[in-house]
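Accompanying notes for the structure given below.
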Amino acid sequence: SYKDLGEFWSRSGLCAIACELRGERPDMRDALTKIMHERHPWIRNSHAYGEPGGALGLLALNLTNQDAYRDVIKQYAWWFALAWEPGYGLRFSTPHMGAPYMGEDDLVSATYALVLAAPNKTLHLTGAKDSKWMDVSALTTPVSPVRIKRSRDGLVSMEGTSPGNPVHYTVDGSEPTKESLKFQKPFPFDSGKISALVIDKVGNSGPINSKTFGPAPAKWKIIAASGHSDPAEAIRRASRSIDGDRNKCWLTDMGEGTRGYPHHLVIDFGEARTIKGVKIHFADQKRTPSKWSLKGSQSTDQSPLLLGEKSATSWEPEQTLKLDKEVKLRYLRFEAVNDGEPDKKTLFVREIEIL
């Protein structure tokens with residue numbers, strides 16, 4: 001949008017809706033809707049969204065600037081009149097040639113029904129400060145798989161992918177039932193296996209989901225890493241690999257001028273601890289090393305000893321290196337190389353766990 005003032009419509013409208021519902025940035029809301037009002041012919045393109053992008057922009061104007069909405073909708077009355085067919089709806093041609101897949105006639109008719117009904121206050125747009133406005137207590141929540149998560153501090157939380165039903169779980173390796181513990185609030189869990197399922201009020205149960213955790217990384221910290229020319233920024237990025245959240249990843253630099261492999265990081269466990277192996281969760285096949293190794297020591301004065309190496313002959317998102325024997329150490333160094341692929345420079349890691 002910043003490249004061309006003509007390219008303001010659906011995305012701008014969605015942003016204006018967010019500002020209005022959250023009660024934030026009225027200056028941004030007013031600036032966006034002013035440009036949309038002045039340059040409304042861009043509705044015929046609606047960015048890359050095609051339809052229902054045009055409808056989204058009109059809904060935004062109705063919510064945030066009703067005078068502008070009335071003016072714009074009046075100018076498009078002919079458009080709807082010519083496209084309307086009684087008993088069918090809108091016979092509509094998607095304005096944007098690049099996005100015809102975004103909406104067929106049934107979807108377009110429904111979205112413009114919302115647009116035309118909005119001024120009558122029969123459409124309710126809800127946001128951050130407006131909740132529980134519809135009573136859904138009588139609806140049945142479908143049973144679904146359980147999401148099991150653990151924070152960096154070792155607190156486990158669980159809920160169904162369709163929230164609402166109680167979650168029952170076990171931590172002793174047995175299968176959960178209705179008699180198993182019911183999840184009430186996050187609880188500390190250092191290592192082991194958790195199995196969980198949801199059971200609705202009539203007794204239907206969802207599938208059992210299990211997750212095995214290594215020791216929680218509460219005291220861990222990254223003290224050295226590659227992946228950026230600024231050592232502090234490299235450490236900040238690499239710290240995402242020990243934050244307990246696989247959606248936040250360690251991604252090294254990419255693009256022109258990137259140094260590339262070999263990559264490394266050093267973890268300080270905060271205290272000496274015994275490990276039996278390490279599991280690395282990689283995020284992307286194209287950004288996974290061909291080989292990686294582990295080294296360890298009990299102090300920074302001691303030269304790190306090679307603990308083992310791992311080579312992947314095929315794509316494995318989760319790679320485990322089990323040590324020949326348990327080792328007690330405080331510092332763990334992970335090193336990754338990429339043999340035979342000089343153009344492959346970036347490393348992408350979701351999480352590092354110890355066994």
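Here are a few things to note about the model shown:
- Test result for Phe213, at pLDDT 95 or above and either surrounded by 13 or more Cβ atoms within 10 Å (Cβ to Cβ) or among the hydroxyl-bearing types (Ser, Thr, Tyr) (or both): no
- Any hit, region 288-298, residues being in the same structural domain as Ser229 (by TED's automatic domain parsing), touching a residue at least 12 places away in the same chain (Cβ under 8 Å) and exposed (fewer than 14 other Cβ atoms within 10 Å of the Cβ): no
- Listing of strands (runs of 3 or more DSSP E) fully contained in region 218-313 that carry 3 or more residues being among the basic types (Lys, Arg): 263-282
- For Leu155, the conditions (1) over 23 Å from the mean Cα position of the chain (by Cα); (2) farther than 30 Å from Val337 by Cβ; (3) hydrophobic (A, V, I, L, M, F, W, C); (4) surrounded by fewer than 18 Cβ atoms within 10 Å (Cβ to Cβ) all hold with the exception of (1).
- Candidates in region 206-217 are the residues that are of a type in the set (A, V, I, L, M, F, W, C) and not in a strand (DSSP E or B); of these, the one that is farthest from Tyr261 (Cα to Cα) is Ile208.
- Hey, Ala77 out of contact with any Phe, Trp or Tyr (no Cβ under 9 Å at 6 or more places or on another chain), modelled with pLDDT of 70 or more and farther than 17 Å from His40 by Cβ or not: no
- Single condition Arg273 does not satisfy, out of (1) modelled with pLDDT under 95; (2) under 31 Å from the mean Cα position of the chain (by Cα); (3) surrounded by 13 or more Cβ atoms within 10 Å (Cβ to Cβ): (2)
- When the residues of region 314-342 are filtered to those that are of a type in the set (S, T, N, Q) and in a loop (DSSP other than H, G, I, E, B), the one that is nearest to the chain's Cα centre (by Cα) is Ser314.
- Hits in region 174-205 - residues which are of a type in the set (Val, Ile, Thr) and not in a loop (DSSP other than H, G, I, E, B): Ile194, Val198, Ile199
The values are calculated or read from the model by the stated rules, or taken from the named source; none is laboratory data. This one's a predicted model, so the numbers in the text were calculated from it and none came from an experiment. Neighbour counts run over all protein chains shown; Cβ positions are idealised from the backbone, glycine included.
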